[in-house]
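Heads up: the structure comes next, in structure tokens.
The values are calculated or read from the model by the stated rules, or taken from the named source; none is laboratory data. This is a predicted model, so every value here is computed, not measured. When we count neighbours, we look across all protein chains shown, and the Cβ atoms used for this are built from the backbone with ideal geometry, even at glycine.
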Amino acid sequence: MVDWFLFELTATLTAAIVLGVFALFTRELFLSVLYLIAMTVAISRVFWLLEAPYVALVILIVYATGVNILALIVISFTQTQKEVAEPAARTLAREIPGVLLFVGVLIALYWAFLVEEPFRLFSEGPLPSFVSDDAVGITSLETLWDARSVDVLFQVFLVFVAVTGIVTLLRRARVEEKAAVIEEY
Amino acid sequence: MPDELEILLTASILLFALGLYGLMTKKNAIKVIISLEIMFIAAELNFVAFAKFSDEEFAALGQTFAILTLLVSAAVISLVVAMTYNVYQKYGTLDTTELSLLKR
């Protein structure tokens, strides 16, 4: 008997990892961001399977559309739509520490998460002090407001600051570009 | 340990290591941002996985933290993307090695 949940979870995660690899190793930057968007959609499906619909929707709205579309716009403005090829020796010199770190982190995280099993701590003893009694047994959105209201307010402020910063930066860049064009003529 | 949690943690580890590898080796600023994004997504996957497979009272809390970190990381990445565009306008390159040479 096939466990369809397990099958779909594994297939979606595999797709996400493969798309992540494509996103990182494709030379075309535009394609790279498109692969990243596809990866985000796959991760969103994983969140949906794990019964976290709000997280799935937020990642779909914020990452797959907002952030990545901004990245696509920036790439189309910058005209460097391809990574510059390097001599093989220089590439190798930079790749070796990267590969070593990749393997080291893989081993360290595997040991930490899958051998030591830290999540076992969660199933025993009383609730940690940062969880208020009001936050137990209710939905994530209720928790978001009831238990983490200060965080939410802080986050609204942070997102507002980020949006203002982006608008200011992009506007200044456009003004400088226009001034350069006027000077040229 | 449930099979599903093991699979999720393995995927999360792979994604995080992949992001770290990109952060170490890629020279293009956009690729560095993509690597950062992959690392953030790996961390959020961990939050949701632990929320799903730990005790019931932690389910809502894990998802809440995932939403909070997701929005903060999105704000940070958007700002970095905008700054990248500004840097390109000023110096005409997105190569991080060239940009680090410019400050000398």
Among the residues of the range B:30-52, how many are over 14 Å from the mean Cα position of the chain (by Cα) and either surrounded by fewer than 21 Cβ atoms within 10 Å (Cβ to Cβ) or touching a residue at least 60 places away in the same chain (Cβ under 8 Å) (or both)? 1
Kindly indicate the residue of the range B:54-71 that is facing chain A (nearest Cβ under 7 Å) and of a type in the set (Gly, Ala, Ser) and also surrounded by the fewest Cβ atoms within 10 Å (Cβ to Cβ) among those meeting that condition. B:54
Taking the condition of being over 23 Å from residue B:75 (Cβ atoms) and facing chain B (nearest Cβ under 7 Å), how many residues in the range A:47-73 meet it? 2
The lone exception for residue B:10 - which of (1) surrounded by fewer than 21 Cβ atoms within 10 Å (Cβ to Cβ); (2) of a type outside the set (A, V, I, L, M, F, W, C); (3) in contact with a helix residue (DSSP H, G or I) (Cβ under 6 Å, 6 or more places away or on another chain); (4) at pLDDT 85 or above it fails: (3)
Looking only at the range B:72-96, how many residues end up being of a type in the set (A, V, I, L, M), surrounded by fewer than 19 Cβ atoms within 10 Å (Cβ to Cβ) and within 7 Å of chain A (Cβ to nearest Cβ)? 3
Being more than 7 Å from chain A (Cβ to nearest Cβ), of a type in the set (A, V, I, L, M) and part of a helix (DSSP H, G or I) narrows it down to one of B:11, B:43, so name that one. B:43
On the basis of being under 27 Å from residue A:163 (Cα atoms) and assigned to a helix (DSSP H, G or I), does residue B:52 make the cut? no
Taking the conditions exactly as written (of a type outside the set (Asp, Glu), modelled with pLDDT of 85 or more, in contact with an Asp or Glu (Cβ under 8 Å, 6 or more places away or on another chain) and within 17 Å of residue B:48 (Cα to Cα)), does residue A:9 satisfy them or not? yes
Could you run through the range A:17-42 and say how many residues are in a loop (DSSP other than H, G, I, E, B) and touching a residue at least 12 places away in the same chain (Cβ under 8 Å)? 1
